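**Student:** Input: one structure, supplied below.
No lab work stands behind these numbers, since they all come straight from the coordinates. Every value quoted in this text rests on a predicted model; they were computed, and no experiment measured them. FYI the Cβ positions are ideal-geometry reconstructions off the backbone, even for glycines, and counts take in every protein chain you see.
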Amino acid sequence: MATKAKTNPKQTIAKLFWIGRSQAVRLPKAFRIEGARVSIRRMGSGVLLESILDTPKESTEQFFARLDVMKGDPILPDGRNQNLAPIREYFK
């Protein structure tokens, strides 16, 4: 009875190919990445791919609502006390 040889998921060989003028890598099943996009950067003589999970963007209202829940101390409790900017004469 023949058994399949287990592959080491830490390292294996992948096939490179071209689609038009773009180079692509056919990832083995053990290295599949979820999502539609990846972040890519050079690491020494290699390349690192990291998955980018699509998370819904937060609206401005949702962001400030989240800040209000924290009930932190105000940054400037007495208001912003700043002198007026001087009037400058340009092109004398």
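**Student:** For region 26-62, which positions are closer than 22 Å to residue 11 by Cα, free of Cβ contacts under 8 Å to residues at least 12 places away in the same chain and of a type outside the set (Gly, Ala, Ser)?
**Tutor:** 29, 32, 40, 41, 42, 43, 47, 48
**Student:** Sticking with this structure for a sec: Restricting to region 49-92, name every residue that is charged (D, E, K, R) and outside any helix (DSSP H, G or I).
**Tutor:** 50, 54, 57, 58, 71, 73, 78, 80, 88, 89, 92 - these are the residues of region 49-92 that are charged (D, E, K, R) and outside any helix (DSSP H, G or I).
**Student:** Oh, and also: So, residue 66, is that one over 30 Å from residue 16 (Cα atoms) and surrounded by 10 or more Cβ atoms within 10 Å (Cβ to Cβ) or not?
**Tutor:** Criteria met by residue 66.
**Student:** Assuming residue 30 fulfils every condition listed in (1) surrounded by 10 or more Cβ atoms within 10 Å (Cβ to Cβ); (2) not in a helix (DSSP H, G or I) apart from one, which condition is it?
**Tutor:** The failed condition is (2).
**Student:** Restricting attention to region 48-92, which residues are of a type in the set (Lys, Arg) and under 21 Å from the mean Cα position of the chain (by Cα)?
**Tutor:** Of everything in region 48-92, just one residue is of a type in the set (Lys, Arg) and under 21 Å from the mean Cα position of the chain (by Cα), namely 57.
**Student:** Okay, moving on. Go through region 51-92 and count every residue that is of a type in the set (A, V, I, L, M, F, W, C) and on the phi > 0 side of the Ramachandran plot.
**Tutor:** Here the count works out to 1.
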